[in-house]
Every structure is written in structure tokens, then in C-alpha cells.
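Student: Mind looking over this structure? Questions follow.
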Amino acid sequence: MSLTRNILLWMSENKFMKERIPKLGFVRKAVKKFMPGETEDFALDAAAQFSQFGIPSVFTKLGENITQISEADLVRDHYLKLIEKIVERKLDIEISVKLTQLGFDHSEEETYNNFIAIVKKAKEKLGNSVFIDMESSIYTQRTLDFYKKCKKDFENVGLCLQAYLFRTQNDIEELFSINPSIRMVKGAYKEPHSLVFKDKPMVDENFFVCANKLLLQSKQNNIRPVFATHDEKLIKRITQEADRIGIKKSAYEFQMLYGIKTTLQKQLAKDGYQFRVLIAYGESWYPWYMRRLAERPANIWFVIKNIFSN
Ligand SMILES: Cc1cc2nc3c(=O)[nH]c(=O)nc-3n(C[C@H](O)[C@H](O)[C@H](O)COP(=O)(O)OP(=O)(O)OC[C@H]3O[C@@H](n4cnc5c(N)ncnc54)[C@H](O)[C@@H]3O)c2cc1C
């Protein structure tokens, strides 16, 4: 892991910086590259624009590790209201949430109730799935257990898994028996060396191995494989492998973040691949934004450019 990436990930967790950096005008401007605005209305407008290119969306309200359980009720209510707005605007939008935003640090029972309220309403009003984001490794096992519990009662739930973790291949295999919906990502957090592949090419290779497992399994079982990456080489390898083993484009899906490789996003949709764009919004964007900078430290130049742009 590069030093710059380490520093940016450390900054993403630092309380002193968390309180100060989001107030800086040039940072607020730079964030717009990855986020259409702080409220869901900006996100809905962006989703409407993508829908003109046949691209559906995934929405996530930024914020994690709430400090009081009562805040989780507000997040749940936000998503319940959002579903009404999605229906009104007739858009194809799925929701993806962080469990720590729904109370995971405070009460697992309340987190379950909050999450299931969203899942039920999404099924009833939108007929689609709600995904669980994967947070740092201190939550991995608990998140997997939580997912298994939800999947027993509700079909329309999905889970994100991270290719940088050594354990992920095993986790995927263990989930096969419950017909999971899995969104594979490389992984965005600062993790101890004992748990993750150290070198990026090894993470990329593990992503491919995991993707291959999911594709093969999708031939026999009703699973939903989602590959969330902007890595063009990896996307090409996955599509070639899917062709080789005879898997239709409709049987798997790609996802990318708003503001990254938009031309490629439109091209994938045009070429007939299942594709969704993830649109994030919300006031608590700081740690999420710092992780985006850490993924591509060259993005810092964009922030610096904004200091001088006025
Ligand atoms: C839909 C979606 C959901 C996600 N959910 C989670 C989650 O729940 N948990 C989690 O840990 N992580 C999540 N991530 C983040 C993920 O783990 C990676 O950190 C992120 O996607 C970057 O990895 P990459 O696969 O694009 O590959 P990389 O090898 O990092 O990037 C490939 C190329 O994409 C471009 N690129 C990548 N990131 C950026 C960026 N920030 N700015 C500009 N260009 C960039 C660059 O050209 C780069 O060379 C999610 C990502 C997506 C797309």
C-alpha cells in the first residue's frame, strides 16, 4: 500500500480532520466530482439523467458509525421516504446501506429492525433488492452473520464482499447454499497486513478468482453476481471469461461510482451489459470522500486545482 494511500486513509478516520476539512470551500467544491449534491433530490436528478442512457442507479446516503442509536431511526425514515420519491419519479433505483449507519455499533436487534423495514418497503414498492455495504474488517464476520439471518426471511437482500481480504473466497463458498446476491469490490479501508493481500496485483487477481467462482455458480444456482469496479482490464477479463464458459450478459452485472469513468459506464450499458451507477449523497461525506482520494491519489490534484479556481 502506498504511503499517500495510507496517509489519506488515516485522515479519513481522524476526528480532528473530520471536523475541519469538510468546512473548506475548495474541498466542498472538489467533492462534486463524485457526488451530485448533499440531498437526495440532487441524486434523483442525476439518476433521471442516467436513466436516459438506460442506466439504473444505486443510492447510498453517506454517513457511518452513528454516535447514538436514535440517529439510526432518522436514517431508516430517510430511506423509507426516499422509496416514496423513487416511486413518484418512476426511476429504477436500488438502495445500499452501511449497517453502522443503522445502529450496528449499538444494538444488533434494532439494526435488524431498521434494515428489514427498508427491505420490506423496497420489495413492496420497488420490487427490488437492498444491499449491505461491507465496512472495515472489524465488522466482516458480524456483517456476514447478519446477512445470513436476513436472507433466511427475505429474498431481496444483497451483500458486498471485498477481494483484498484473504477470507473472501471461503466466505463466497459458504454463502452459495443461500443463493446470495453478491457485490464484489476490491475493498476501500485501511486494514491490518495479517488480513489482506498486500500487493495490488494480488488483490486484482483475487477479485478475478472470486468473480470466476460467482460466474460458475450462477450457472447452477439463482445467485446475482455484481462486479463493482472501474478496472478496465479486470472488466475485460471477466466478460471474456463469462463468454468462454457460456454465461449470458443478462446473468451478471457491473457497477461503478458516479463521476468515475462515465464514458465507460455508458459504453457498457450500450453494449448490452447489466450496469448500475452508484450515486452517493448526504452531508457526512468526509470519510467516504477521503477513501475515494486514497483509491487514486492523483485526485488530490483536482482538490488543489479548486483552491485556485476562484
Ligand atoms: C458500486 C460500488 C460499491 C462499493 N461498495 C463498497 C463497499 O461496500 N465496501 C468497500 O470496502 N468498498 C466499496 N467500494 C469501493 C471499492 O472497494 C474500491 O475501493 C473502488 O471501487 C476502487 O477500486 P477499483 O475496483 O475501481 O480498482 P482500482 O484498481 O482502484 O482502480 C481502477 C481504475 O479505476 C479508476 N479509479 C478507481 N478509483 C478511482 C477514484 N476514486 N477516482 C478516480 N478514478 C478512480 C482509475 O483509473 C484506476 O486506475 C465500492 C465501489 C463501487 C464501484
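Student: Relative contact order, percent, of segment 182-268 when contacts are C-alpha pairs under 8 Å separated by at least 6 residues?
Tutor: 32 percent
Student: Distance in nm between label sites at ARG28 and LEU74, each 7 Å beyond Cα in the beta-carbon direction?
Tutor: About 1.8 nm separates the two model spin labels.
Student: Do any GluC sites (Glu not before Pro) in segment 206-305 lie in a loop, going by DSSP, with at most 16 other beta-carbon atoms within 10 Å of their beta carbon, and if so which?
Tutor: When the GluC sites (Glu not before Pro) of segment 206-305 are filtered for loop state and at most 16 Cβ neighbours within 10 Å, GLU283 remain.
Student: So between LYS81 and ASP105, what do we pick up on full extension, going 0.36 nm a residue minus the alpha carbon distance?
Tutor: Between LYS81 and ASP105, full extension yields 6.2 nm more.
Student: Could you identify which residue out of VAL27, VAL185, VAL58 has the top mean-square fluctuation in a GNM of the chain using Cα springs shorter than 10 Å?
Tutor: Sorting by GNM fluctuation, first place goes to VAL27.
Student: Determine the sum of side-chain charges near LEU216: Lys and Arg each +1, Asp and Glu each -1, restricted to other residues whose C-beta is under 15 angstrom from that of LEU216.
Tutor: Residues near LEU216 contribute +3 overall.
Student: State the percentage of accessible surface on segment 42-283 attributable to carbon and sulfur atoms; use a 1.4 Å probe and exclude ligands, DNA and RNA.
Tutor: So the carbon and sulfur contribution to the accessible surface is 49 percent.
Student: For the chain, modelled as a GNM with alpha-carbon contacts under 10 angstrom, which of LYS148, LYS23, LYS32 fluctuates the most?
Tutor: Highest fluctuation of the listed residues: LYS23.
Student: Next question, about the same structure. In whole Hz and in residue order, list the ³J(HN,Hα) couplings for segment 194-209 that follow from phi through the Karplus curve 6.51 cos²θ - 1.76 cosθ + 1.60, θ = phi - 60°; x for Gly and Pro.
Tutor: 5, 10, 10, 5, 7, 9, 4, x, 6, 5, 4, 5, 5, 4, 5, 4
Student: Evaluate the distance, in nm, between pseudo-label points positioned 7 Å from the Cα of ASN14 and of GLU205 along their respective Cα→Cβ axes.
Tutor: Taking the simple label geometry, ASN14 and GLU205 are separated by 3.5 nm.
Student: How high is the relative contact order of the chain, in percent, with contacts defined as C-alpha pairs under 8 Å that are six or more residues apart?
Tutor: 26 percent
Student: Hey, which of these cross-link pairs are over 27 Å Cα-Cα: LYS149/LYS198; LYS33/LYS266; LYS85/LYS149?
Tutor: LYS149/LYS198; LYS85/LYS149
Student: On to the next question. So what is the accessible area of the chain per residue, in Å², with the probe set to 1.4 Å?
Tutor: Per-residue value: 48 Å².
Student: Next up: Can you bin the chain into rounded, prolate or oblate? Criterion: square roots of the alpha carbon gyration tensor eigenvalues sorted a ≥ b ≥ c, rounded for a/c under 1.5, prolate for a/b above b/c, oblate for the rest.
Tutor: Rounded.
Student: What does DSSP give for the chain in terms of the percent of beta bridges that are antiparallel, rounded to the nearest 5?
Tutor: Restricted to the chain, the bridges split so that about 5 percent are antiparallel.
Student: Oh, and also: Between segment 141-182 and segment 87-125, how many Å separate their Cα centres?
Tutor: Distance between centres, Cα-based: 17 Å.
Student: What nm value, rounded to one decimal, do you get for the distance between ASP92 and GLU174 when each label is placed 7 Å out toward the C-beta?
Tutor: 3.4 nm
The values are calculated or read from the model by the stated rules, or taken from the named source; none is laboratory data. Computed from a predicted structure; not experimentally measured. Every residue, glycine among them, receives a Cβ derived from its backbone with ideal geometry; neighbour counts consider all protein chains shown. The protein model used for the area step is the full one, side chains on, heavy atoms only, and it has no ligands, DNA or RNA in it. Shrake-Rupley method; radii C 1.70, N 1.55, O 1.52, S 1.80 Å.
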